[in-house]
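Peer 1: Pasting a structure below so you can have a look.
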Amino acid sequence: MNQHSEALEAVKETVEALNKLKDQALVQYTALVDSAVAGHITDERELESIMDGLLDFGDDVRFHEIYKRLCRHIFHSHPQMVGERIYLWRALFDTKEEKEDSE
């Protein structure tokens, strides 16, 4: 195996490992969102922490879905926090076309 092939194989292994970690994070964040929706997590700081953590994975539609689910659930009790986090999500992840469509 030449040097380029070895480097490509190393990159492939790294990407696979990162994808496994992302899948694990999805399971863990889904459990946290489920707990919040069930009313077991109500503290504003904990909810902020969950939302901020979900932002780390905003390029993955699976995380976007659970983010929206959490936002919908807590909106009535924390409208300002949800509004700020939605704005932040859009600023980070909405494409130009999506921004134009929402205007």
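The values are calculated or read from the model by the stated rules, or taken from the named source; none is laboratory data. Just so it is clear, the structure is predicted and the values come from calculations on it, not from any experiment. SASA here: full protein model, heavy atoms, side chains in, ligands and nucleic acids out. Shrake-Rupley method; radii C 1.70, N 1.55, O 1.52, S 1.80 Å.
Peer 1: Please compute one quarter of the surface area of the Cα convex hull for the chain and express it in square nanometres.
Peer 2: Working: hull surface 33.6 nm².
Mean projected area of the Cα convex hull: 8.4 nm².
Peer 1: What whole-number volume per residue, in cubic angstrom, does the convex hull of the C-alpha atoms of the range 47-96 give? Please report the intermediate quantities before stating the final value.
Peer 2: Working: hull volume 3.3 nm³, N = 50.
So the per-residue Cα hull volume is 66 Å³.
Peer 1: While we're looking at this one, here's another question. For the chain, please report how many Lys pairs fall under 26 Å Cα to Cα, leaving out neighbours fewer than 8 apart on the same chain.
Peer 2: Value for the chain: 7.
Peer 1: How much length is gained on full extension from VAL27 to GLU44, taking 0.36 nm per residue of separation minus their Cα-Cα distance?
Peer 2: Between VAL27 and GLU44, full extension yields 3.9 nm more.
Peer 1: Among GLU65, GLU16, GLU84, which one shows the biggest mean-square fluctuation in a GNM of the chain, springs joining Cα atoms closer than 10 Å?
Peer 2: Fluctuation is largest for GLU16.
Peer 1: So what is the calculated 222 nm ellipticity per residue for the chain, using -39500 (n - 2.57) for each DSSP H run with n of 4 or more, over all residues, to the nearest 500 deg cm²/dmol?
Peer 2: Value at 222 nm, helices only, nearest 500: -27000 deg cm²/dmol.
Peer 1: Please work out the average accessible area per residue across the chain, using the 1.4 Å probe convention, and give it in Å².
Peer 2: 72
Peer 1: How much of the accessible area of the chain, probe 1.4 Å, is carbon plus sulfur, in whole percent? Mind showing how you got there, number by number?
Peer 2: On the way: 3880 of 7440 Å².
Roughly 52 percent, rounded to a whole number.
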